[in-house]
Amino acid sequence: MNGGVDTINPTKPKVWFRFNSSGRIRTVNIDKYTLATKLQIPLRDLRVLDPAFPTPYPSAIFIRDHSIILNFEHIKLIACADQVWMIETTKTGHYPDEARTSLESLKKALSVALNVHVNDDGQGLDNKDQGAMFRELSEKISTEFQDKELTPEIALSQLLSIDLNLPYELRAVEAALHEFTR
């Protein structure tokens, strides 16, 4: 504290949600320098995602060599080929209470959408019996995540709202866009 005013520490670790290639979520405290190095992205992109720094535009999509960076008001994430990083913005006090519900919904959507894997032939999901396949997949995901709030019905709804034939990072982008425009 400096004269009763908090100083912003850009090197202070922030809370991020990291989704692995199977859609499993883990909470990670990491500073922006370490994250920028790990993901091979410019530091200026992380500054855009930092809720403590105002930006001249509330929404933006940045395409980089190894990632897609989304800044949608309270939804701020980095989608890579095999992982997704989403910053925890609800504890900053900069966003309304609806942001917490939206982020929780997005975490579930990402867990579902990122859990789908392409077939061995690399052609994505087959079209044999998609209804049965979606029901089976939603049951598997809700059981696998052992989340009382992630019911098979919610998982099925998330599966139906996203093109599951897309690459990993584009499924993450689509889930974020879907949640942002709800």
Sorted by average packing, counted as other Cβ atoms within 10 angstrom per residue and highest first, what order do 23-31, 44-52 take? 44-52, 23-31
If you average 1/r over all unlike Cα pairs in the stretch 11-114 and invert the result, what Kirkwood radius do you get in angstrom? 13.8 Å
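Read-outs throughout are calculated quantities, based only on the coordinates presented, and are distinct from any laboratory measurement. These figures come from a predicted structure and were not determined experimentally. Ideal geometry is used to build each Cβ from the backbone, glycine not excepted, and the neighbour counts take in all protein chains shown.
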